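Notes to accompany the following structure.
The values are calculated or read from the model by the stated rules, or taken from the named source; none is laboratory data. Please read these numbers as outputs of a predicted model, since none were measured by experiment. Reconstructed Cβ throughout: ideal geometry from the backbone, glycine too, with neighbour counts over all protein chains shown. Heads up: the accessible areas ignore ligands, DNA and RNA and are worked out on the full protein's heavy atoms, side chains in. Shrake-Rupley method; radii C 1.70, N 1.55, O 1.52, S 1.80 Å.
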Amino acid sequence: MISRKAPALPAILLAAVMPHDSVGAEPDTGLAGSSFIVGLGVAGGFAPTYEGSKRIEFVPRPAVSLSWDDTLLIEDTTARLVVIRTPWLQAGPLAAWRPGRQQDDDHRLKGLGDVDDAVDLGAYARIGFGGWSASVSARQDVIDSGGALVSFDTGYALPLTEALTLSVGADAVWASDDYMSANFGITRQQARRSRYDEFDAEAGFKNAGLSLAASYALSERWSLNAVTGWERLLGDAADSPIVKQGGTPDQAYGFVSITYRFGL
């Protein structure tokens, strides 16, 4: 089960904690003939108790990926279908589960109630030249009023040795009115039940950040991965009472994972 408190990692650096092809590793003849490749692993690290919290806690999480014929790709809680493919472009639809927030996650959320899980549908596009890549994705909750997110990511992967690859990345996320209201707004009823004043959070860019990741190929199928990053909340997200009163707009996270891949 994916932890509700695990952050959504930037798409460019998601592979740092997910099973993936290791740059520089020798070809794995056991996987070369497989159209269906499974990656399994375990990860653990630290993350804020909620978006905007200044309290950090340990977060365990599985590292699971599935790939079918390089056309259907599932990583973490997101599935992507490649319908457009060129040497430098991939694009297609996506579906994702977005964990909600529970007021029991942190005492500072008392009286705000829970934020429901979301099931998102959307689309993405990714371009890449050499070690550089950039992507954009847009997704909308289709089961409730969880709102929409548009994510922008860019990064560069640098092989340092045959086994070790270092990646750096940057990201920014725009959020709709519904998302901002649910996660950063304070309604009149919530203000009466909590320690916070009423606050109207409107659509806009909610965060931007930087990331650093490393992947080490222990063998053709085993890899050790690490990622750390910093996100800065922006606009109404940074001005929200749950951030300004007892929280912080500076959000840090870090994870280490070990993963194994095999073909079916």
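What the table below lists for this structure:
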quantity	calculated
GNM result for the chain, Cα springs below 10 Å: residue of Gln245, Gln90, Gln189 fluctuating most strongly	Gln189
Rounded percent of accessible protein surface that carbon and sulfur make up, the chain, 1.4 Å probe	60
Nearby aspartates and glutamates by direct alpha-carbon distance to Lys244 (threshold 19 angstrom, same-chain neighbours under 8 apart not counted)	Glu51, Asp105, Asp106, Asp197, Glu198, Asp200, Glu202, Glu231, Asp236
Relative contact order (%) - the chain, alpha-carbon pairs under 8 angstrom, separation at least six	23
Helix-only mean residue ellipticity at 222 nm for the chain, each DSSP H run of n ≥ 4 adding -39500 (n - 2.57), per residue, nearest 500	-2000 deg cm²/dmol
Net charge contributed by nearby residues that have their C-beta within less than 11 Å of Gly204 (K/R +1, D/E -1)	-3
Inter-part distance where the range 156-181 and the range 61-79 are each reduced to a Cα centre, Å	17
With at most 16 neighbouring Cβ atoms within 10 Å, loop trypsin sites (Lys or Arg not before Pro) (DSSP) excluded, longest segment of the chain	111-194
Surface accessible to a 1.4 Å probe, per residue, for the residues of the range 59-184, Å²	48
Local net charge near Gln245, Cβ-Cβ under 10 Å (Lys/Arg +1, Asp/Glu -1)	+2
Among Thr49, Ala118, Ser34 the positive-end extreme of the charge dipole of the chain (Cβ point charges)	Thr49
Taking the range 30-71 and dividing mean pair separation by its residue count, relative contact order in percent (alpha carbons under 8 Å, at least six apart)	47
